[in-house]
Amino acid sequence: MLLARKTFGKSRMRARQLIDGASFGPEALSAINQAFDEAWVEIAGNFGNDQTEIETARYSLATALLSIASEDSRDVQVLKTAALQRMALDYRQGSARDKSSERATGR
C-alpha cells in the first residue's frame, strides 16, 4: 500500500511539475492548474488502478492543457474543455497510427 501511494505521488508530481514549470504568469498558472484538477476528476475513472497508466494519462492531460493554453488563459471551463478535446484527439490519432502500423507489419 505504501508503494502505491509513493507511485501515485510521483505520477501527480510529474504532471504537476510540467505545468508548474511552464512559462505563464501566476494568474494563468492558477487557471491552468484548476483546469487540470477539474479535468482529471472527470476522466480519472477511465484509467483504473494501474499506476503507469494513470501517470501516462495525467502527463498526457498536462501536455494537452499546455498545448492549448496561453498567457491570457483565465477561463477554467474553456481550458478544461479544450484540453479534454485535445487529449481525446491525440488518443484517436495515436490509435489510428497504431492500427496502421499493425496492418503494415502484418500483426
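The values are calculated or read from the model by the stated rules, or taken from the named source; none is laboratory data. This is a predicted model, so every value here is computed, not measured. Glycine gets a Cβ as well: all are built from the backbone with ideal geometry, and neighbour counts include every protein chain shown.
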Q | From the options Leu2, Leu84, Leu79, residue that is among the hydrophobic types (A, V, I, L, M, F, W, C) and modelled with pLDDT under 95 | A | Leu2
Q.
Condition first: surrounded by fewer than 16 Cβ atoms within 10 Å (Cβ to Cβ), hydroxyl-bearing (Ser, Thr, Tyr) and at pLDDT below 95. Can you find one or more residues in the stretch 25-44 that meet it?
A. no
Q: Answer with yes or no whether Glu71 is of a type in the set (Asp, Glu) and within 23 Å of Gly25 (Cβ to Cβ).
A: yes
